[in-house]
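Nothing in this text is a laboratory measurement; each read-out follows from the coordinates by a stated rule. All of these numbers come straight from a predicted model, not from anything done at the bench. We place every Cβ from the backbone using ideal geometry, glycine too, and count neighbours over all the protein chains shown.
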There are 2 protein chains.
Amino acid sequence: MPTDLPTLDLLRSMSDRHVLAAVATAGRLTRAAAASATGLSKPTVSHSVARLLSSGVLVEGERASGGRGRAGTYLTVNDTAGCALAVQAGPHGIVGEVVALDGRTVASRRRSIPVPVTPGALGRALVGVCRSLASDSPGPIRAMTLAVADPVDRCTGRVIELPASPFLVGELDPVALLDGVVPVRPVVDNDVSWALLAEREHGVAAGVDDVLHVHLDEGMGAAMWSGGRPLHGARGLAGEIAYSLTAVHGRGSAATRSGTLMERVEALGYLRDGGTAVDVEAVVEDLDRGVGQARTLAGAVAQVVRAHCYLLDPELVVLSGGWGRHTQVVEAVTTAIADAGGLQTTVRTAEVIENAPLVGARTSALDALLATWSTQPGGARTPSP
Amino acid sequence: MPTDLPTLDLLRSMSDRHVLAAVATAGRLTRAAAASATGLSKPTVSHSVARLLSSGVLVEGERASGGRGRAGTYLTVNDTAGCALAVQAGPHGIVGEVVALDGRTVASRRRSIPVPVTPGALGRALVGVCRSLASDSPGPIRAMTLAVADPVDRCTGRVIELPASPFLVGELDPVALLDGVVPVRPVVDNDVSWALLAEREHGVAAGVDDVLHVHLDEGMGAAMWSGGRPLHGARGLAGEIAYSLTAVHGRGSAATRSGTLMERVEALGYLRDGGTAVDVEAVVEDLDRGVGQARTLAGAVAQVVRAHCYLLDPELVVLSGGWGRHTQVVEAVTTAIADAGGLQTTVRTAEVIENAPLVGARTSALDALLATWSTQPGGARTPSP
DNA sequence: GATCATTCGTTAGGAGTCCTGACTGAAGGC
DNA sequence: GCCTTCAGTCAGGACTCCTAACGAATGATC
């Protein structure tokens, strides 16, 4: 079922995209190098470059040197032609960056929010950070990504209130909040989704098309890639594992033997008082000391992951988060999968630790920024007679 | 990240695919009608049609009539230019069809296998049906799809032995078996995957991009679509729900309170003696009479589906199978999802009942058959100097 | 320092695809 | 019997891709 109409514009935009992507990933490139990198011919690349230069995405730099023959002129992406915002809203505050077209972070802001966090305070902090970043941006903001530590409806960008949302109970509407602040509609998603993107880009999931990423920290969430594409679900809510059922064999009271993962955490006494956030320090300490309760929790997690492996058949399971990366958890999951029949899934810990959601949001923002020029061609248009 | 190189061949093949798809879906079409249907210009369509005629996919029929002006010549797909095989291997035997390019079933075979089913007997029956179908085919076999009622590795086409596979315990290797019988490599997949395809094509899931299909019969399996694409997993094994954990609140012995869905079925006494197949008649009868055990099972299924809805966020849940379509199960699942917070998933029963996997395999075989001409162009090639 | 090989980027020409607009030819309506 | 209407084709223009060859610039070599 073909979707697009075949037209010459399609070919041209494909060429431009190829060239722009080649220059963006290589950092700087001459026309000839771009030709060999993309597989296009030199004249075609020259034409593309001319278009991209006139639209302002690319700029010519100094001459190359060191080679044997004539020195070519380097092409680089124009970091002032457009910038992107990558922002992470977590339980500890807001972290945001301005990303230039060459992928470098041009500016960054960090703002913490006093506990207890209210939606109003969070929204004000978000707007403040974005306004400040936008004023510091060397070029116009043409794309934005936002990572939120809560279930998010990707279509509306709104935070969804689920029974066991650990962080923001109230409604947050970033799209509406940032309407006049940022000139583009932000792409909002759960932070675990962004973290998995980071892991696929720079971490242990590079090149793996079917991944299950389980994040266990104050909140518990998952993200999935299937067939080389992110698995979002109808509303983008996919990944809620706190409601996954657990069942640990062996002794124990009835309350600790079944129920959702969330109820299990609560029954084991690992919820921070009254709320729905996991007491990470307590879990880690008990896992370190080998306390039975903590081992039970690790076993419950292992069984949840095992069941989801049967459901999704991933090639790789990535474990992350304050207690998800703990050796006891990793070992429990690994043995549970190894003991299960028929599964060929490997288990690894996340490699991108520092602000992983922000890293993923950054690369995605850069992609969206580059795509900006493909969708709305700024170069010479075909005139109509 | 662009993948294909922009070339004029790409445009041409896109045009051909558009035209061929338009004719195939409409049944018969004149050049002018095809032009307006595809959005291409009349000369372009004429060129495409010339190529497709010379390659033999299309044939010219009689003149159109009834219109006001000149009557056009109808174009139809050439049902003898190539055919596809769609075969279903279930616990009751083998059902297979020859599908022509116009989508009609040209020949069909059915062969039952005496119980107990052995891999050898099944393989022989499969080969026999395929050989018989191939000899009856009006054109060369250019594509084949095979639905197997067991976990299947889509890459190798082999049946995977899982701890609780209800049907074929031994190894079955259809690709090797059919090597000399059918001139193409069959696409093998689990029958629930094909059933979901049928449901998306002709049933309740039409146009829905995120679907969770749960099939409860002798075996228990699931299939998923996410973002408009089937979710297969790394090896194509995705959909094993027999290992999903269950937890039913309320009274009951410890054995009936937790464990995998498979263990739960066993503990409730609904497994056919000794094996791993569900006793469908017993479950249905007990559901009809409202027996507590059956209600417990329905509740367990409901909780499993609910948990998977949180994980996958589907727009629609389709229930099928001998006892999956039972009112009690549907009601239990519906209320479980409605009572859960934050979910907006609707629950429906499958509409394609009669040989649903075969129906899905048929449409997929037809798609693969049509794609045959796009991938290996049989028309005029660009000569190399 | 002059010459040569090598490489960069551009120009010229061929092949091919799409489109618009005009043309021929056939069929039905008045 | 003429006219309208529509199907399919032809001709021309615009555009894109490619190969081949051409100036230009640079390092190596004598």
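Details
- Relative packing of peptides A:341-349, A:286-294 - highest average C-beta neighbours within 10 Å first: A:341-349, A:286-294
- Of all DSSP-defined beta bridges confined to chain B, some 65% are antiparallel rather than parallel.
- For residue A:272, residues with placed amide H under 5 Å, excluding near neighbours: A:277, A:278, A:279
- For region A:2-153, the mean projected area of the C-alpha convex hull, equal to one quarter of the hull surface, is 12.7 nm².
- Gyration tensor (alpha-carbon) shape descriptor, the protein assembly as shown, a/c threshold 1.5: oblate
- Unit charges at the beta carbon, dipole of region B:8-78: most positive-side option, B:69, B:48, B:32: B:69
- Look at the stretch B:204-212: the mean tally of other chain Cβ atoms within 10 Å of its residues' Cβ atoms is 1.
- Mean-position separation - Cα centroids, region A:221-244 and region B:93-127, in angstrom: 37 Å
- Neighbours of residue B:161 by Cβ distance under 9 Å: Lys/Arg scored +1, Asp/Glu scored -1, total -2.
- Radius ratio Rg over Rh of region B:8-78, counting only Cα atoms, Kirkwood formula for Rh: 0.96
- ³J(HN,Hα) computed for each position of region B:122-133 - Karplus, 6.51 cos²θ - 1.76 cosθ + 1.60, integer Hz, glycine/proline x: 4, x, 5, 4, 4, 4, x, 4, 5, 4, 5, 5
- Expected 222 nm ellipticity per residue - DSSP helices of 4 or more, -39500 (n - 2.57), all of chain A, to 500: -12000 deg cm²/dmol
- Estimated FRET transfer efficiency (residue A:121, residue A:10; beta-carbon r; R0 41 Å; 0.05): 0.30
- Distances between placed amide hydrogens fall under 5 Å for residue A:72 paired with A:64, all partners being 5 or more residues away or on another chain.
- Candidates B:99, B:49, B:187, ranked by Gaussian network fluctuation over chain B, Cα under 10 Å, top entry: B:49
- For residue B:233, neighbours were defined as the other residues whose beta-carbon sits under 14 Å from its Cβ, and their charges (Lys and Arg +1, Asp and Glu -1) total -3.
- Averaging over all projection directions, the Cα-based convex hull of region A:206-349 occupies 8.7 nm² in the image plane.
- Spacing of the modelled spin labels on residue B:156 and residue B:46, each 7 Å from Cα toward Cβ, amounts to 5.5 nm.
- Listed residue (A:175, A:230, A:363) projecting farthest to the positive dipole end of chain A, Cβ model: A:363
- Near the amide H of residue A:88, within less than 5 Å, lie the amide hydrogens of A:95, A:96, A:147, all on another chain or at least 5 residues away, with H placed in the peptide plane.
- Taking Cβ atoms as reference points and 12 Å as the exclusive limit, the residues near residue A:322 contribute a net charge of -4, counting Lys and Arg as +1 and Asp and Glu as -1.
- Most mobile listed residue (B:327, B:145, B:363) in chain B, GNM with C-alpha springs under 10 Å: B:327
- Assigned charges on the beta-carbon of Lys, Arg, Asp, Glu; region B:206-349 dipole about Cα centre (debye): 280 debye
- Extension gain (nm, one decimal) between residue B:273 and residue B:108, 0.36 nm per residue minus Cα-Cα: 56.0 nm
- Spin-label pair residue B:335/residue A:59, simplified geometry with 7 Å Cα→Cβ offset, distance in nm: 6.7 nm
- Projecting the alpha carbon convex hull of chain A along each direction and taking the average yields 23.8 nm².
- DSSP beta bridge pairing in the protein assembly as shown, given as percent antiparallel to the nearest 5: 65 percent
- Rounded to the nearest 20, the Cβ-based charge dipole of region B:8-78 about its Cα centre (Lys and Arg +1, Asp and Glu -1) stands at 240 debye.
- Placing +1 on each Lys and Arg Cβ and -1 on each Asp and Glu Cβ, with no other charges, gives the protein assembly as shown a dipole about its Cα centre of roughly 2720 debye.
- Ranking B:328, A:260, A:22 by how far each Cα lies toward the positive end of the dipole of the protein assembly as shown (charges on Cβ) leaves A:22 at the top.
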